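Written below as structure tokens is the structure these notes are about.
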Amino acid sequence: SREINSYLIACHTFLTHILLSPPVKKLIESNYYYCTRSAKFIPLAKSCDGNIDCFYGEDEVYCSTEFKANDTFPVRLISAERVLQVFNGKTWVTVCNDDWSTQHTETACKQLGYTKSRGKIIPTCPSFKLFSVTFAYTVLGLSPFLFSTNSSVCRTGSVVSLTCSDCGVGGNLERIVGGVDAHIEEYPWQVSLQNGGHRCGGSLVSSRWIVTAAHCFRLVKSPLFAISCSSVDKIIIHDQYDEASSDYDLAMMRLSSPISVGDKRKPVCLPPKDLLLPDKAPVVVSGWGLLRENGKISTTLQKANIEMIDRNTCSSIYATMLSQRMVCAGNLKGGVDSCQGDSGGPLVYLSASQWYLVGVVSWGDGCARENRPGVYSNVDNMLNWIYAAIEVLNKEMLKCIRVAE
């Protein structure tokens, strides 16, 4: 019953927080997982191992799994103008404005995982080859999607530009080493991933999805991972994540229910493909990480203004350690940087009054050292994986709901 569960939780809290000293408590939590409903400890190795060892399977509920994007996600926005393109099975083609409707706009945005949509028409660029689009339907009939026709005739000579979310609305440009205090209203997409305290950062990209770093789950065997005051029902890690090289250092978390958007909780925008930030483009990193190398975790959200560092410069510093799934940002003079505890948090760029998630805090050589900029997971390079994960897992969730009905 709920009363018995509350009693067991209270007993566990009393034992672990009152009777046990911090060293003993840390020793127990690093070796055992506590089954709340059955009031027993199991070896930590038995949690998230695919076998149910606690009543109700609570030791297997919030465990991370790999996700592989098997196909090219068929819809994308490209360039700073957010021009709509669809994949025709062989190549990307740009969508012509001919016979474009509000329904087309809603369909494209829903396929990208968003519930709100706004479209506009812009003159074509010479580099775009234009195609018309039409509707098709998935085998399951869950929702319509767009696909390219063979027609390359575009009567209007205009392309479609989409804005699919009321995202990226934050505050001023103004772990962080060398940063200043920030208010959550300035960066309302910033979240804290917690497991017995703050462990990593993350970014809200929709009312139900968080983007973070895969390495945040490297040492976390316990499934008790929470996001501030919200619960989680799915954690997925990029299937090509390599712990040794930190390549493909990306993960996503699905909330159990959509959050209510407000001043303190708003999603950041995912960038259009090939946003192509120039060298020294101003960006902002935020988080609750260490205030200095080997220092203490901040109790107040920090923010820091830094710059993008071009790939040639960064490659000359980190050589082969830098892959195409990584970008560099910081200050080559040192003094300002992300640090331990900021991992998984956002690197954002302001364009046309909207903030875009261009990087995810991944790794670095120390914190805020001279000629040792921070390295971030390159969101642009892994957009296909993000969109595919959202689409596949949202359909999985919808099928579960229909079965339950």
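Here are the numbers for this structure:
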{"item": "Qualifying residue in the stretch 330-345 (condition: small (Gly, Ala, Ser) and at pLDDT 95 or above)", "result": "no"}
{"item": "Of all residues making up the stretch 225-264, the number that are among the hydrophobic types (A, V, I, L, M, F, W, C), touching a strand residue (DSSP E or B) at 6+ places or on another chain (Cβ under 7 Å) and at pLDDT below 85", "result": "5"}
{"item": "Residue list for the stretch 52-70, restricted to those being part of a loop (DSSP other than H, G, I, E, B) and either touching a helix residue (DSSP H, G or I) at 6+ places or on another chain (Cβ under 7 Å) or at positive phi (or both)", "result": "Ile52, Asp53, Ala69"}
{"item": "Residue that is modelled with the lowest pLDDT [pool: residues in the stretch 146-193 that are part of a loop (DSSP other than H, G, I, E, B) and among the aromatic types (Phe, Trp, Tyr)]", "result": "Tyr187"}
{"item": "Residue list for the stretch 344-389, restricted to those being of a type in the set (Phe, Trp, Tyr), touching a Ser or Thr at 6+ places or on another chain (Cβ under 9 Å) and open to solvent by 10 Å² or more (accessible area, probe 1.4 Å)", "result": "Trp363"}
{"item": "Output for the stretch 248-262, where each listed residue is open to solvent by 20 Å² or more (accessible area, probe 1.4 Å) and under 30 Å from Cys328 (Cβ atoms)", "result": "Tyr248"}
{"item": "Top-ranked residue of the stretch 195-224 - restricted to ones that are farther than 22 Å from Asn384 by Cα, in a loop (DSSP other than H, G, I, E, B) and open to solvent by 40 Å² or more (accessible area, probe 1.4 Å), ranked as modelled with the lowest pLDDT", "result": "Leu224"}
{"item": "Close pairs (6 angstrom Cβ cut-off, 6 or more residues apart or separate chains): more than 20 Å from Ser362 (Cβ to Cβ) and part of a loop (DSSP other than H, G, I, E, B) in the stretch 274-288, modelled with pLDDT of 85 or more and of a type in the set (Asp, Glu) anywhere", "result": "Lys280/Glu307"}
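The values are calculated or read from the model by the stated rules, or taken from the named source; none is laboratory data. All figures in this text were calculated on a predicted structure; none of them were measured in a lab. All Cβ positions, glycine included, derive from the backbone under ideal geometry; neighbour counts span all protein chains shown. Accessible surface areas use protein heavy atoms only, side chains included; no ligands, DNA or RNA. Shrake-Rupley method; radii C 1.70, N 1.55, O 1.52, S 1.80 Å.
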